[in-house]
1. May I ask you to say which residue of Thr193, Thr153 is in contact with a helix residue (DSSP H, G or I) (Cβ under 8 Å, 6 or more places away or on another chain), at pLDDT 95 or above and either part of a loop (DSSP other than H, G, I, E, B) or among the hydrophobic types (A, V, I, L, M, F, W, C) (or both)?
2. Scan region 44-80 residue by residue and report those that are buried (at least 17 other Cβ atoms within 10 Å of the Cβ), farther than 14 Å from Arg32 by Cα, touching a residue at least 60 places away in the same chain (Cβ under 8 Å) and touching a Gly at 6+ places or on another chain (Cβ under 9 Å).
3. Go through region 24-50 residue by residue and tally those that are under 16 Å from Tyr94 (Cβ atoms) and touching a helix residue (DSSP H, G or I) at 6+ places or on another chain (Cβ under 8 Å).
4. On the basis of being in a loop (DSSP other than H, G, I, E, B), within 30 Å of Thr128 (Cα to Cα) and among the β-branched types (Val, Ile, Thr), does Val174 make the cut?
5. Quick check on my filter: what residues within region 211-229 are within 28 Å of Pro30 (Cβ to Cβ) and either at pLDDT below 95 or part of a helix (DSSP H, G or I) (or both)?
6. List the number of the failed condition for Val133; all other conditions in (1) in contact with a strand residue (DSSP E or B) (Cβ under 8 Å, 6 or more places away or on another chain); (2) more than 23 Å from His79 (Cβ to Cβ); (3) not in a helix (DSSP H, G or I) hold.
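The values are calculated or read from the model by the stated rules, or taken from the named source; none is laboratory data. Model, not experiment: these values are computed from the prediction. Glycine also receives a Cβ, built like all others from the backbone with ideal geometry; neighbour counts cover every protein chain displayed.
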Amino acid sequence: MTFPGISEVTVKGRVIGGGRPSVCVPLVAPDRQGLLAEATAVSQIRPDIVEWRVDYYNAVEDPERIKEALHSLREILPHYPLIFTCRAHSEGGYREIGGETRVALIKEIIRTGRIDMVDIELETGRETIQGIVAEARKYGVYVIVSSHDFKKTPPREEMVARLLRAQDLGADMVKIAVMPAGPQDVLDLLAATLEFRQNHARVPAITMSMSGQGVISRVAGFLYGSTVTFAAGKEASAPGQIPIAKLRAAIEILEKAL
């Protein structure tokens, strides 16, 4: 399928926003030993992108220990685009972390120069997001502005509006993940993705419908304009993630049929 042009994001040779969807695998270990073992295993399954979900990490409120772990992580995964995500508890984060603590950590990690992308929730607010975007620009870090709803799928117009708000805040990529109550919700997510991609997008969009019902959006979302899909590594970080080998095989079947 051909879409209007957007500003693609190229990180360590990987193009996000091109024709082929990028596959991202999350790291969710709670400690340094587990994290490095997980990273070693991930390097063997060769995703396109790796995401460190640091909200799972026991030492998340200790920036120095996070930086030490990040240094070791980068020694194992030096060539992989890395997303740093400290997810808000209200949007699926593993633990409750104070807002100011979370934002301060994100900015401090941006300044290390060891990450390629950072994820911040739309609900964080305009001023905070713009401050993170400004900091990220200084260090060559791309910003994903995201929205997650683990209770429902909002109306299609609202999903498009959230993607637009994220884009207007200066995001390099925009993301929305929602929970379906039935098949129509999955179709609404795909329709919102297509509408945004065809009529509004200036940057890559990442969209998904969660849980088992939404798996089709993870497999076929690229046909509607989603540019990144998430697969499970050792463990899933969200409902509906499937192993990377199965995900890639399904995507390849769809690509060959086009």
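1. Numbers: Thr193 fails: either part of a loop (DSSP other than H, G, I, E, B) or among the hydrophobic types (A, V, I, L, M, F, W, C) (or both).
Result of the check over Thr193, Thr153: Thr153.
2. Passing the criteria: only Pro47.
3. To start, the set of residues in region 24-50 that are under 16 Å from Tyr94 (Cβ atoms) comprises 26-31, 34-35, 38.
Among the residues that remain, those that are also touching a helix residue (DSSP H, G or I) at 6+ places or on another chain (Cβ under 8 Å) are: 27-30, 35.
Count: 5.
4. Values: in a loop (DSSP other than H, G, I, E, B): no; within 30 Å of Thr128 (Cα to Cα): yes; among the β-branched types (Val, Ile, Thr): yes.
Considered against the rule, which asks whether it is in a loop (DSSP other than H, G, I, E, B), within 30 Å of Thr128 (Cα to Cα) and among the β-branched types (Val, Ile, Thr), Val174 comes out as no.
5. Pass one, region 211-229, residues within 28 Å of Pro30 (Cβ to Cβ): 211-212, 214-215, 218, 228-229.
Of everything in region 211-229, those that are within 28 Å of Pro30 (Cβ to Cβ) and either at pLDDT below 95 or part of a helix (DSSP H, G or I) (or both) turn out to be Ser211, Gly212, Gly214, Val215, Arg218.
6. Tallying (1) in contact with a strand residue (DSSP E or B) (Cβ under 8 Å, 6 or more places away or on another chain); (2) more than 23 Å from His79 (Cβ to Cβ); (3) not in a helix (DSSP H, G or I), Val133 fails exactly one: (3).
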